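A short write-up of the structure that comes next.
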Amino acid sequence: MPVAPEAPSTPSAPAARPRPLSPHLQVYRPQLTSILSITHRATGVALAAGTLLLVWWLVATATGPEQFATVQAVLGSWLGKLVLFGWTVSLFFHLANGIRHLFWDAGLGFELKTTYVSGWAVVAATILLTVLAWAWGLV
């Protein structure tokens with residue numbers, strides 16, 4: 001089998017440097033927009049998992065009082081309430097950030113200052129709506 005000849009080396013060619021791995025997590029400074037983007041995806045997954053809990057509750061409701069009592073006991077425990085609280089936070093964050101994305105789809109809000117103002121508005125709306133929902137639900 002013939003072997004291809006090697007290309008002649010030139011003594012004046014610069015030594016090959018390794019390519020940078022940018023942005024690398026060790027040198028990249030997370031920004032509000034990137035954190036909200038990652039969180040939006042994570043809350044979408046959390047909402048899918050929470051929907052399975054909702055289906056479990058609905059099926060137990062239709063099945064009978066024993067199954068319903070079991071689901072209520074699980075969701076009424078401290079761990080169940082923590083999961084429901086996380087699901088509520090995910091719901092309101094995904095809703096508020098989804099509305100923000102609708103404005104972006106219309107081509108609005110891409111200025112740097114507006115992006116940060118709307119990002120913090122999403123965080124504030126998430127906190128406010130979650131607190132209001134739990135205050136109303138616990139009354």
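None of the figures in this text is laboratory data; all of them are computed from the coordinates on show. Note that the coordinates shown come from a computational prediction; the quantities given were computed from them, not determined experimentally. Glycine also receives a Cβ, built like all others from the backbone with ideal geometry; neighbour counts cover every protein chain displayed.
Key figures
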item	result
Nearest-20 debye value, the chain charge dipole, Cβ charges on Lys, Arg, Asp, Glu	340 debye
Footprinting exposure proxy for Phe85, Phe93 (fewest neighbouring C-beta atoms within 10 Å first)	Phe85, Phe93
Extension reserve of the Ala15-Leu75 stretch, reckoned as 0.36 nm per residue once the Cα distance is removed	15.3 nm
Mean shadow area of the chain over all directions, Cα convex hull, nm²	19.5 nm²
